[in-house]
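Here the structure is laid out as structure tokens; the discussion comes afterwards.
The values are calculated or read from the model by the stated rules, or taken from the named source; none is laboratory data. Note that the coordinates shown come from a computational prediction; the quantities given were computed from them, not determined experimentally. Here Cβ is always computed from backbone atoms with ideal geometry, including for glycine, and neighbour counts include all displayed protein chains. What goes into the accessible areas is simple: the full protein's heavy atoms, side chains included, and nothing from ligands, DNA or RNA. Shrake-Rupley method; radii C 1.70, N 1.55, O 1.52, S 1.80 Å.
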Amino acid sequence: MATALVIENDPTDDPRRLGEWLTEAGLELRVLRPYAGDDLPADLAGYAALVVLGGEQSAYPAADGTPGAPWFPVTEGLLRKAVRHRVPTLGVCLGAQLLATAHAGEVARSASGPEVGPGVVGKRDAADADPLFRYVPLIPDVLQWHVDEITELPRGATLLAASTRYPHQAFRLGDRAWGLQFHIECDTAMIADWSTGSTLLAELGYDPELVVAACDAVMVDVEEVWQPFAARFAALALGELDVATPPRPTLPLIGH
């Protein structure tokens, strides 16, 4: 059975629904928790895919050069190896930011302020030729919870989705690595855990109960979009998905 390496950066952000969707699609998951002392491997030998989840840390180093977490340099090294060796890769929120910084992209505290709760993003034209995003609706529902953003994509990255305040919501590096600024793994219980005693919500003046209720109201819509997306990612890792670019439709010439 093909195995995906899942790096869990924070105990409050486990694979949850994303993990269920990937296992239902045929992938076995090996979840490593470096914050709890798990050692990350030096390479991805034996793994069919790499998934890097979110967390409260920052992808960029502190002013003194200290990384956002002690294991981030190793994680970034694995992300570079994954792209180089075309190992199917998915970064979610912090994971997407690490995918960017690992390839000379830039991440910073968002000048637009935090983005929290349910929202939508808009697909870019390039998504029509993407093996995973081509089947995503034009304006899909997503869940947001971040204060940092990718301010500059890595050179050669393909922008797949954007929003008004945050232009880099989803991107692809090479042909098998995707970064999602938003969350697709959350269930309502996870959002409730994040909301309980949240200083971020307090600073924003948001009622935690209303945030949880708003997120819960779109859970079905999020699943309808991102469960098939996760299944396509698993199929790619299993060698069951053709990644050839489909021909773009063309209009007939006038008179023909």
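With the structure loaded, tell me whether residue 156 is open to solvent by 40 Å² or more (accessible area, probe 1.4 Å) and touching a residue at least 60 places away in the same chain (Cβ under 8 Å) or whether it fails that test. In short, no. Does residue 44 satisfy the condition of being of a type outside the set (Gly, Ala, Ser), crowded, with 17+ Cβ neighbours inside 10 Å and within 18 Å of the chain's Cα centre (by Cα)? Criteria not met by residue 44.
Screening segment 65-92 for residues that are open to solvent by 10 Å² or more (accessible area, probe 1.4 Å) and under 25 Å from residue 199 (Cα atoms) and picking the one that is farthest from the chain's Cα centre (by Cα) gives 66. Within the set 44, 53, the sole residue that is modelled with pLDDT of 95 or more and closer than 29 Å to residue 222 by Cα turns out to be 53.
Look at segment 216-230: where a residue is over 18 Å from residue 192 (Cβ atoms) and a partner is in a helix (DSSP H, G or I), sitting 6+ places away or on another chain with Cβ atoms under 7 Å, you get 227/21; 228/135; 230/18; 230/21; 230/22.
Does residue 131 satisfy being under 29 Å from residue 216 (Cβ atoms) and touching a residue at least 12 places away in the same chain (Cβ under 8 Å)? In short, no.
State whether one or more residues within segment 111-129 are more than 16 Å from the chain's Cα centre (by Cα), open to solvent by 30 Å² or more (accessible area, probe 1.4 Å) and polar (S, T, N, Q). Yes: one or more hits.
Restricting to segment 130-140, name every residue that is surrounded by fewer than 20 Cβ atoms within 10 Å (Cβ to Cβ), assigned to a helix (DSSP H, G or I) and not charged (D, E, K, R).
Passing the criteria: only 135.
With the structure loaded, tell me whether residue 100 is open to solvent by 20 Å² or more (accessible area, probe 1.4 Å) and hydrophobic (A, V, I, L, M, F, W, C) or whether it fails that test. When the stated conditions are applied, residue 100 does not pass them.
In contact (Cβ under 8 Å) with a residue 60 or more places away in the chain and touching a Pro at 6+ places or on another chain (Cβ under 8 Å), is that true of residue 90?
no
Restricting attention to segment 175-208, the residues that are open to solvent by less than 50 Å² (accessible area, probe 1.4 Å), more than 16 Å from residue 12 (Cα to Cα) and touching a Gly at 6+ places or on another chain (Cβ under 8 Å) add up to 4.
Taking segment 1-21 as the range and being in contact (Cβ under 8 Å) with a residue 60 or more places away in the chain, crowded, with 22+ Cβ neighbours inside 10 Å and within 14 Å of the chain's Cα centre (by Cα) as the test, the residues that pass are 7, 9, 13, 18.
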